[in-house]
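The values are calculated or read from the model by the stated rules, or taken from the named source; none is laboratory data. The structure displayed is predicted, hence computed values, not measured ones. So basically every Cβ, Gly included, is an ideal-geometry build from the backbone, and we count neighbours across all protein chains shown. With ligands, DNA and RNA removed, areas are computed over all heavy atoms of the protein, side chains included. Shrake-Rupley method; radii C 1.70, N 1.55, O 1.52, S 1.80 Å.
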Amino acid sequence: MAVPASPHPVELAGLLHELTALLLSAESFPQALERLAVLGAGAVPGAVRCSIVLIGEGGPLTHVGHGPAGAAIDEIQYAAGTTGPALEAARTRSTVTVPDLSTDARWPDLAEAARAEGIHAVAAVPLDLPRADVGALSLYFDTVEGPGADDLLTAMALANQSELLLDELRRRDALSSGAAVDRAIGVIIAQRGCGVQEAYSVLRDTAQRLGLDRHAVADRLIAVAARNA
């Protein structure tokens, strides 16, 4: 059976437009990653899963995936956090292709899972978000025939556009979080009649006592103040 052709340039432009609309309309950064995984899984002919991993400084891996097979490969690769095509692409900042993961000696821990799930070819394209993260967008195929050169170009186009969009979403989140903290400080000052520095101390101490991020505490304070208004 003939493999469907990769998108024509006009179709690729439409795909990138769809990606832009989906990500920028997401309500949160995690939702944007989920949407990217869904779109990526359907964008390249023959791909059965799209997996995305981001690695921040000093934090745990962030990863999402979409597709009927390959979840076990993600789980093993990202739980170890040290080996696999996606992590290799993130580390080297270069595209990594694997003709048949089920027989590849570089990642024996993944080979058994690949055989069990019927995954063969893998393409991992690096993602680089300037504000914090490196990572990769990976496509899994259930045959050894993919990905072709056109498929790789489509995957790279998706990854490159996603870098810009995800970085913009991170910037928006940072601005939104900062605005929430400022509003919470205003609430504390109004309630306690204290100064700015004392209000920041109250917010910090409350966050530490509750074991929450100060932005989460700020959101709660604003919500309570709105209900009591």
Return, ordered by residue number, the residues of segment 201-222 whose backbone nitrogen is under 20 Å from a label point located 7 Å along Cα→Cβ of residue 228.
201-212, 214-222
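Using 0.36 nm per residue, how much length does the chain from residue 198 to residue 31 gain when fully extended, once their Cα-Cα distance is taken away?
Numbers: separation 167, 0.36 × 167 = 60.12 nm, distance 3.57 nm.
56.5 nm is the gain from fully extending residue 198 to residue 31.
For segment 29-104, what is the convex hull volume of the alpha-carbon atoms per residue, in Å³? Working shown, then result.
Numbers: hull volume 8.3 nm³, N = 76.
Value for segment 29-104: 109 Å³ per residue.
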Using a simple charge model, +1 on the beta-carbon of Lys and Arg, -1 on the beta-carbon of Asp and Glu, nothing else, what dipole does segment 97-208 show about its Cα centre, in debye to the nearest 20?
840
Highest mean first, how do 162-173, 13-24 rank when packing is the count of other Cβ atoms within 10 Å averaged over residues?
162-173, 13-24
Which Cα, out of 110, 50, 90, lies furthest along the positive dipole direction of segment 50-138 (beta carbon charges, K/R +1, D/E -1)?
90
Probe 1.4 Å, protein heavy atoms only - accessible area per residue of the chain in square angstrom
52
Can you give the FRET efficiency for residue 171 and residue 105, using 1/(1 + (r/R0)^6), R0 = 41 Å, r = Cβ-Cβ distance, to the nearest 0.05?
0.50
What is the helix-to-structure angle for 214-228, meaning the angle in degrees between its Cα long axis and the longest Cα principal axis of the chain, kept from 0 to 90 and rounded to the nearest 10?
60
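Work out the length of the dipole vector of the chain about its Cα centre, built from +1 on the beta-carbon of each Lys and Arg and -1 on the beta-carbon of each Asp and Glu, and round it to the nearest 20 debye. Before the final figure, lay out each step's value.
Working: 17 positive and 28 negative charges, 229 e Å.
Taking the Cα centre of the chain as origin, the dipole is about 1100 debye.
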With volume of the Cα convex hull per residue in Å³ in mind, check [x] 144; [y] 120; [z] 111 and report the label derived from this structure.
[x]
Residue separation between residue 191 and residue 144 times 0.36 nm, minus their alpha-carbon distance, gives in nm 10.4 nm
Could you work out the relative contact order of segment 59-203, using alpha carbon pairs under 8 angstrom and six or more residues apart, expressed as a whole percent?
17
For 102, 28, write out the residues from largest to smallest accessible area, computed with a 1.4 angstrom probe and no ligands counted.
28, 102
Rounded percent of accessible protein surface that carbon and sulfur make up, segment 101-229, 1.4 Å probe:
51
Which FRET efficiency value, to the nearest 0.05, is calculated for residue 72 and residue 210 with the Förster distance at 41 angstrom and r the Cβ-Cβ distance?
0.65
For residue 205, the accessible surface traced by a 1.4 Å probe with all protein chains present amounts, in square angstrom to the nearest 10, to 70
Long-range tail of P(r) for segment 136-229 (Cα pairs > 23 Å, %)
49
Given the options 139, 28, 16, identify the residue whose Cα lies farthest towards the positive end of the charge dipole of segment 5-164 (+1 on Cβ of Lys, Arg; -1 on Cβ of Asp, Glu).
28
